[in-house]
Amino acid sequence: MPQFYHPILDNYLSTIQNKNMKIDRLVSIIMLLLEKKRMSAHELAKSFEVSERTIYRDIESINLAGIPVCAVPGVGGGIEILPSYKVDKKVFSSDDLSALLMGLSSISGMIKSDELAAAMAKIKSFIPKEKADEIELKASQIIIDMKPWYGNENIRPYLEILKTSLQKNKLVSFSYFDGSSNKTERTVEPYRLVLKGINWYFYGFCLVRKDWRIFKLSRMTELKITEEDFSPREYKAPVLDFENVNPETITDIKLRIHKSNIDRILDYCSQDQIIPDGDEHFIVSYPFVESDYSYDMLLSMGENCECLEPAFVREKIKMKIKKLAALYESSPAVS
């Protein structure tokens, strides 16, 4: 298999970083020369709006990095990467290219950046003309759209702010509402953005709490990048699943739901936990964790959901319903 990635990542990047070169232009030159048989210095200079002298210096740097570029004299000549070094496009199948484009398109829907646009263009440069329609069809067969139907308008700009802070190792500050609706002011070292389920989270070291924390973007306000840099500390990976949750905190409760709510229940249960109860209802074995969130979820289904057992859950729901009814029986508070 042609050795493309090894010299790019190891030799090339280390060389150009030492020389403080224009990484984007040099990588783009390599991609063009890999895509086309050869190009003249004049064509390259015109493409990148630099002088031919600059192009020749760039070619010399690419050669020093271990990527063999040569000049072919005469009519039809130009600059090219040795054919023995070029990437064989057959290395990437139609399925490979479709998967790459699908993934990049999904991310770019929420996070806009020149880097993603450049990566998309580079991936597309590997698509043979005769395969373009086939790959476009495959790439569009599965759409991962992470943009919400509606909701918090801060999510997308906050993703951009956090991405910038991650790249520049800058502290961020923001106000945060915790699970108990308490508002606190935070200053955090950013380490990772996480998409978990349908929600975006931000993982970092909180200088207020002196510990690692995961913050939900929808609970953040007044997010800003500070001018203060930080040196990354030893990384502690976040816990992003419930494998370590104590099973004793989970209770299987029995619900009777109307068929109109079956789609919502399927977000939390598998079909083997649901059995028919007549023509209009179902009995559901529902994994329940004692929390306000879980009670609110059951109450949100209104009269179309009844908890049959255990008794303590029924009693807690009744108490919440009474408090809600009392709220509406009194006159509304008008300021």
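Key figures
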{"read-out": "Distant-in-sequence amide H partners of Asp277 (H built 1.01 Å from N, under 5 Å)", "value": "Phe282, Ile283"}
{"read-out": "Whole-angstrom Cα spans of the range 279-327 along principal axes, big to small", "value": "35, 23, 18"}
{"read-out": "Ser270 - accessible surface, heavy atoms, 1.4 Å probe, Å² rounded to 10", "value": "60"}
{"read-out": "Where a label projected 7 Å from the Cα of Glu306 along Cα→Cβ would reach, residues of the range 276-296 with amide N under 15 Å", "value": "277-284"}
{"read-out": "Nonlocal amide H pairs with Leu308, under 5 Å, H built at 1.01 Å", "value": "Lys254, Leu255, Arg256"}
{"read-out": "Area of Tyr286 that stays accessible when all protein chains are in place (1.4 Å probe, Å², to 10)", "value": "10"}
{"read-out": "Glu52 - accessible surface, heavy atoms, 1.4 Å probe, Å² rounded to 10", "value": "80"}
{"read-out": "Relative contact order of the range 40-82, pairs being alpha-carbon contacts under 8 Å that are 6 or more residues apart, as %", "value": "31"}
{"read-out": "Average accessible surface area per residue within the range 246-335, 1.4 Å rolling probe, Å²", "value": "70"}
{"read-out": "Calculated from backbone phi, Karplus (6.51, -1.76, 1.60) coupling profile of the range 215-231 in Hz, x at Gly/Pro", "value": "10, 7, 4, 5, 9, 9, 9, 6, 6, 9, 8, 8, 8, 8, 7, 9, 8"}
{"read-out": "Net lengthening on full extension, Tyr235/Thr221 (0.36 nm per residue, minus Cα-Cα)", "value": "2.5 nm"}
{"read-out": "Entries of Lys163/Lys216; Lys196/Lys320; Lys216/Lys320; Lys216/Lys316; Lys183/Lys236 with Cα pairs more than 22 Å apart", "value": "Lys196/Lys320; Lys216/Lys320; Lys216/Lys316; Lys183/Lys236"}
{"read-out": "Whole-percent carbon and sulfur share, accessible surface of the range 247-335, 1.4 Å", "value": "54"}
{"read-out": "Backbone N under 11 Å from the Ala325 label point (7 Å along Cα→Cβ), restricted to the range 261-305", "value": "none"}
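The values are calculated or read from the model by the stated rules, or taken from the named source; none is laboratory data. The shown structure was predicted, so the numbers you read here are calculated from the model rather than taken from an experiment. All Cβ positions, even for glycine, are placed from backbone atoms using ideal geometry, and neighbour counts span all protein chains on display. Side chains are part of the model used for accessible areas, which takes the heavy atoms of the whole protein and leaves out ligands, DNA and RNA. Shrake-Rupley method; radii C 1.70, N 1.55, O 1.52, S 1.80 Å.
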